[in-house]
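J.: Below you'll find the structure I mean.
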Amino acid sequence: MKRVAVIAALVLLPACGGDETPPAACSDPVDATTVELSDFAFRPNCLSADAGATITLENTGDAPHTFTVEGTDVDVEVDPGSSAEASLSGAESGTYAVTCTLHPQMEATLTVA
């Protein structure tokens, strides 16, 4: 019985998320005021912005997407063919992973100065 409990604990341990790896800094971030969400990619996918900046998000594709900055409150959904704004007012200086919660293969790195 103890063996089952130990195995169950080891299997569930990685799901706790307490040992997240921070995103890798991209080598040449683009100072971005606009980000395109299309074809299941962010363009640019290596971007930088000042703390408190507002980034315009343009969804030029046929599917809805989100611009979700992990570790912050930034989570903006953008319908196909439309645009929205993402405010970085609550983001502190640092490097953040950006994902689309609807399409997790969409990834970017944001450096906030």
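Each value in this text was obtained by applying a stated rule to the coordinates, not by laboratory testing. Since this is a predicted model, take the numbers as computed values, not measurements.
J.: Residue separation times 0.36 nm, minus the C-alpha to C-alpha distance between GLU70 and PHE40: what's the value?
T.: Between GLU70 and PHE40, full extension yields an extra 9.0 nm.
J.: Convert each backbone phi in the range 37-49 into a coupling constant with the Karplus relation 6.51 cos²θ - 1.76 cosθ + 1.60 (shift: θ = phi - 60°), then list the ³J(HN,Hα) values in order as whole Hz, x for Gly and Pro.
T.: My calculation for the range 37-49 gives 10, 7, 6, 6, 8, 9, 10, x, 9, 10, 10, 9, 7 Hz in order.
J.: Find the Rg to Rh ratio for the range 68-112, where Rh is the Kirkwood radius over alpha-carbon pairs and Rg uses the same atoms.
T.: Values: Rg = 10.8 Å, Rh = 11.3 Å.
So for the range 68-112, dividing Rg by the Kirkwood Rh gives 0.96.
J.: Hey, can you grab everything whose amide H is under 5 Å from the amide H of CYS46? Only 5+ residues off in sequence or another chain; H modelled, so Pro and N-termini drop out.
T.: VAL30, THR109
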